[in-house]
Structure formats: structure tokens, C-alpha cells
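Student: Before we start, here is the structure in question, set down as C-alpha cells.
Values quoted throughout were computed directly from the atomic coordinates according to the rules given, and no laboratory measurement underlies them. Predicted, not measured: the structure shown is a model, and the values here were computed from it. Methodologically, a virtual Cβ is constructed for each residue, glycine included, from the backbone with ideal geometry; neighbour enumeration extends over all protein chains shown.
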Amino acid sequence: MTDSLHSRMHVVSDETRNLVNLVLEYSRRRTLAEDTPLDHPTSETELRRLAGPTVTEEGLGSARALAIFEHIFAPACISTDHPKYLSFIPSAPTKAAVAFDLVVSASALYGGSWLEGAGVVHAENEVLRWLAGEFGLPAGAGGVFVQGGTIGNLSALVAARNAQKEKLGEARPGRWVIVCSAEAHSSVASAAEVMDVDIAPVVTGEDGILRPDGVREALAEHGDAVIAVVATSGTTNFGTIDDIAGIAALKDEFDFWLHIDGAYGLAAMLSPQARHKFAGVEQADSLIVDPHKWLFAPFDACALIYRDPNSGRRAHTQKAEYLDTLTDAQDWSPSDFAIQLTRRPRGLPLWYSLASYGAETYREAIGHSIDLAREIATEINHREHLRLVREPELSVVVFERDGWQRADYDAWSDRLLEDQRAFVVPSSHKGRPNARFAIVNPLTTFDGLTDILDSME
Ligand SMILES: Cc1ncc(COP(=O)(O)O)c(C=O)c1O
């Protein structure tokens, strides 16, 4: 161990060598484990009792700190990559993506500017360009990986408003308006709140699909005040895909920015069996898809893509004297395309995985979840006490158990986790409680899902 305290944490020494080995060895074990339990949350009192104070003046030492993490903190976190984690939207990063995430940290890569990170920016851009091509956008389309769908939607809508401001010049409406489905993700309402703009929610039919008629009325009513129309390609609740082609066709009548929120579902467009459901996406002015959802990347990454990246750049480039070197150059700097400045090149784990395995493996893995959702829906239809709330569109399956109230679903869900059998939290639709499987993990199986259905008998 070095005796100079100021450099102890940074020098290469026996101590740091040992620490790095310990952490990499733990990461290797966790990444390659085939029996990682689901685990469950623990109360703060219990965590404090078990771990004691961990931030101290002298430090605990790397081995003890890691042991506390491994044996106390990690087991108090639900394993989101477990094949029976079916709540919210699970995470199912590929082995390549997980392993490469370590490389991203180890290499101190800066992904904000071409000057500092040309190589990684190039790699991320290759992925973004490939995705844009899959979605039918023109060759010039591009963007940036941001933290998640919430920031992706907000950044796109800020760019859309900026474009509308540029178009209108001095003539500004009293209030700006975002047109979206009443079933749009909560992050759109959050963006409106942050931007201090209004939402014009368009009511959908029973099937939850946003259709052009309602959008046309909203566009006619709000005129130039409309920042954007947000269509969802795969709602979180049901996987419902709006009538994007119909909405995009309104561009013949109105001049508006079309933003597609595909945080969860747009990944399905990579699968030949679902591609046809996404007609119209190629007309988007901006779109998002989250690799940490159904593109098998670790948390956290959202691909934000603009049809015309310059519209994103004009809205988001930060200017300051110390940044002149960057902003005076004509380079492609990812920081310029969203609400952010310093950024980790969070698209790299996806790049490495995609480069390693190839696109076809991704198409297969996504298709597996779509097939499985259909199979389990058929099984649900065959069970006497169960009823689908809607036919699955992608890989979300929502169903009800006859006679169950919210308390029954809660007790069942708690028991499943207590027994370490599955993590399935109840959801609801129009005030009626239900159960919901969100399937994105290629290791989730039909038998695993029927075991959960059996527990509802
Ligand atoms: C359709 C949709 N949009 C946006 C989001 C928000 O994404 P994030 O959680 O990455 O911020 C989600 C998250 O589930 C989503 O499903």
C-alpha cells in the first residue's frame, strides 16, 4: 500500500490491483450465474441493522464493502433480468452488453463531443443510423443516446417546440399544445409540465388506439399552437400501437411535427413478424426507443432520433466560452442533440452486442417474446377462471381472474415474490384490477408462465 494518502485511490498498487480483481471477479460471477434469485426489497431499518454505517472516515476496506454489497444490498434488489420478472418493463441485457458496460467505465470514455470521443461517437452513430434505417427514416437521420424515454420524449418535444417557434417567428400563441392519446405514457405529461405547455388529450376507442379523426379535430382546434402530435408505438399498459400511418397522412392537411414514443414497443419493428404493424413510422420527425427495454442493453439508454438532426442541434446546443472549441467546430457532438452536456457513451454496450451477435440474432430474440405472448394468451383463453382484457399486440399480456378484487391480486403478487416464484405486480384498466405479463426476456418460457397461471387457480 502506498503511504501517501492523497494518491492512494488512484495509483496502481497491490491494494488497487486486489480491489479491481475482487470487483471484476464479482461481476464475472453475477454475469455468468444461472441461478440468480429474484430477491426482494428489505426495510431500511433491517438494512441499517445488517450493514451498519458504511460511509465512515477511515473506510471499511474494499473487501468488506464489497461483501456488504454482495450479501446485504444486492439481495435487497429485485433481479430485473430474472426470466420471471414480468412487471413494468423488465430488463434483459445480453451477456455482451453487460460485459462491455464494464469496458465503458474502465476506459473513462467521454461521449459528449467528437473532439474527445470520436471513436465511440462513431460507434454509437452507427447504431443510431442502423436503427433509423430499420424505422424507414432517411439517410440523414440521427440523434443521440440519452438516459431514458422520459428525457428522450422531453428532448424531442423541446426540439419540436423550437422548430415551431422558428416557423412562426414573432407570431406566438398564448399557450403551446401537445396533442397525444389519453393513453400516452406519463412521461409525455411530465414533459408538458416541465415545458409549461398544455396537453390536448385525444380520447381513444375501446381498443386504446389513437386514430386520425381525433387528431384531426385537435389539429384543427389548436392550429399553430400545436408543438407536436405524439403517437405511441407500443403502450406500456397493453403494447397498443396507434394508427401511425393514418396520423402521418394528416401531414397532407396540416403541417405538424410527428413524434413517435416507441420506448418499449418500437424494438418490435426489427422483427419481420411485427414490422407491418408500424407503417407510418417512416414519417416521424422524431422518435425514441429504449435499448434498456427490448433491445437488451443494460440500464440506462434511450435512442432519440431526429429526421433532421439539425432541428435537435438548434434547440439543444449549449454555448459557453469554455465550450467555444466544441461549438465553433462543425463536428458531430452528441451533447448537442438533447438535454444534457456531460454524457457517458451509453449506446456502446448495445453497439458491442449488436456488432458481436449481428442484427439477425436480435430479430429472433424479439420475435421469441411476441410468439410467447401469443401462446400464453391462448393458454389464458383456455383457462376457466381467466380472461384476457385485450388480445396482445406485442409482448404485453393483460388478463383478469374471475372474482378477484385488488386485495386478491395484491396478496397473490406478494406471495409469488415471497415464494421467489415470480415478480408480477397487479395493474388495472378502467378501475378494474388485473394481472399483466411484460415479456422481453428471451429466457422466459411458456412453462414458467403457466406455473404463474397455476398459482391463480
Ligand atoms: C411508452 C413509454 N414511453 C416512455 C417511457 C419512459 O421511459 P424511461 O422509463 O426510460 O424514462 C416508458 C417507460 O416504460 C414507456 O413505456
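Student: Please report how far the C-alpha centroid of the stretch 400-446 lies from that of the stretch 134-159, rounded to the nearest whole angstrom.
Tutor: Centre-to-centre distance over Cα atoms comes out at 33 Å.
Student: Right, another one. What 222 nm value per residue comes from the helices of the chain, counting each DSSP H run with n ≥ 4 as -39,500 (n - 2.57) and dividing by all residues, nearest 500 deg cm²/dmol?
Tutor: Mean residue ellipticity, 222 nm, calculated: -12500 deg cm²/dmol.
Student: Please figure out what share of the DSSP beta bridges in the chain is antiparallel and state it in percent, rounded to the nearest 5. Don't jump to the answer; show the numbers that get you there.
Tutor: Values: 21 of 38 bridges.
Percent antiparallel among DSSP bridges in the chain is about 55.
Student: In addition: Using the count of nearby Cβ atoms within 10 Å as a rough guide to exposure, how do Met269, Met195, Met456 rank from fewest to most?
Tutor: Details: Met269 23, Met195 15, Met456 19.
Least crowded to most crowded, the residues run Met195, Met456, Met269.
Student: Could you work out the relative contact order of the chain? I mean the mean sequence separation of Cα pairs under 8 Å and 6+ apart, divided by the number of residues, in percent.
Tutor: On the way: 807 pairs, mean separation 93.0, N = 457.
Normalised by residue count, the contact order of the chain is 20 percent.
Student: Still on this structure: Rounded to whole Å, give me the distance from the Cα center of the stretch 208-229 to that of the stretch 75-92.
Tutor: Cα centres, the stretch 208-229 to the stretch 75-92: 37 Å.
Student: While we're looking at this one, here's another question. Let me know the whole percent of all Cα-Cα pairs from the stretch 1-43 that are separated by more than 12 Å.
Tutor: Values: 630 of 903 pairs.
That tail contains 70 percent of the Cα-Cα pairs.
Student: About the Cα centre of the chain, how large is the charge dipole given +1 on each Lys and Arg Cβ and -1 on each Asp and Glu Cβ? Please answer in debye to the nearest 20. Intermediate results must be reported in sequence, preceding the final value.
Tutor: Details: 41 positive and 65 negative charges, 74 e Å.
In total the dipole reaches around 360 debye.
Student: Right, another one. So, in Å, what gap is there between the alpha-carbon centers of the stretch 27-65 and the stretch 345-373?
Tutor: Taking the Cα centre of each part, the stretch 27-65 and the stretch 345-373 sit 31 Å apart.
Student: Now, a different point. Going by C-beta contacts inside 10 Å, put Asp447, Asp410 in order with the fewest on the left.
Tutor: On the way: Asp447 7, Asp410 14.
In order of increasing Cβ crowding within 10 Å: Asp447, Asp410.
Student: Report the dimensions of the stretch 100-357 along its three principal axes from the alpha-carbon atoms, largest first, rounded to Å.
Tutor: Projected onto the principal axes, the Cα atoms of the stretch 100-357 cover 51, 47, 29 Å.
Student: Positive end of the charge dipole of the stretch 100-357 (Lys, Arg +1 and Asp, Glu -1 on Cβ, about the Cα centre): tell me which of Val127, Ile199, Ser107 has its Cα farthest that way.
Tutor: Highest projection toward the positive end goes to Ser107.
Student: Sticking with this one: Please list the three semi-axes, largest first and in whole Å, of the ellipsoid equivalent to the stretch 49-95, using sqrt of 5 times the eigenvalues of its alpha carbon gyration tensor. Walk me through the numbers before you get to the answer.
Tutor: Working: eigenvalues 176, 28, 14 Å².
Result for the stretch 49-95: semi-axes of 30, 12, 8 Å.
Student: A further question follows. Calculate the translational D of the stretch 277-318 in whole µm² s⁻¹ from Stokes-Einstein, where the hydrodynamic radius comes from the Kirkwood formula applied to all Cα pairs, the temperature is 10 °C and the viscosity 1.306 mPa s. Working shown, then result.
Tutor: Numbers: Rh = 11.9 Å.
The calculation lands on 134 µm²/s.
Student: Separate question: Quote the convex hull volume per residue of the stretch 5-76, based on C-alpha atoms, as a whole number of Å³. Can you show the working numbers first?
Tutor: On the way: hull volume 6.8 nm³, N = 72.
Looking at the stretch 5-76, the number lands at 94 Å³ per residue.
Student: Determine, at each q value in 0.14, 0.18, 0.25 (inverse angstroms), the log₁₀ of I(q)/I(0) that the Debye formula gives when each Cα of the stretch 187-268 is one equal point scatterer.
Tutor: Per q value, in the given order, log10 I(q)/I(0) is -0.46, -0.77, -1.39.
Student: Choose one of Ile260, Thr325, Ile241: the residue whose Cα lies farthest towards the positive end of the charge dipole of the stretch 100-357 (beta-carbon charges +1 Lys, Arg; -1 Asp, Glu; about the Cα centre).
Tutor: Thr325
Student: Among His382, His292, what is the fewest-to-most ranking by other Cβ atoms within 10 Å? Walk me through the numbers on the way to the answer.
Tutor: Working: His382 9, His292 25.
Going from sparsest to densest Cβ surroundings: His382, His292.
Student: Next question. Pull out a ≥ b ≥ c, the square roots of the eigenvalues of the alpha-carbon gyration tensor of the stretch 243-365, then state rounded if a/c is under 1.5, prolate if not and a/b is larger than b/c, and oblate in the remaining case. Present the calculation step by step, with values, prior to reporting the outcome.
Tutor: Working: a/c = 2.74, a/b = 1.22, b/c = 2.25.
In terms of gyration-tensor shape, oblate.
Student: Just to be sure I understand the rule: take each whole DSSP H helix in the chain, project its Cα atoms onto its long axis, keep it if the span is 24 Å or more and its mean Kyte-Doolittle hydropathy is at least 1.6. Which ones pass? Intermediate values should be presented prior to the final figure.
Tutor: On the way: long enough: 14-32 (27 Å, -0.81); 114-134 (29 Å, 0.06); 149-168 (28 Å, -0.07); 359-382 (35 Å, -0.47).
Membrane-span-like by this rule: not one helix.
Student: Starting from the exponent 0.38 and prefactor 2.2 Å, build the expected Rg for the chain from its residue count and divide its actual Cα Rg by it.
Tutor: Values: Rg = 23.7 Å, N = 457, 2.2 N^0.38 = 22.6 Å.
Scaled against compact globular proteins, the figure is 1.05.
Student: To continue, here is another question. As a quick test, which of the pairs Lys251/Lys277; Lys167/Lys277; Lys165/Lys277 have an alpha carbon distance above 23 angstrom in this structure?
Tutor: Violating the 23 Å limit, Cα to Cα: Lys167/Lys277; Lys165/Lys277.
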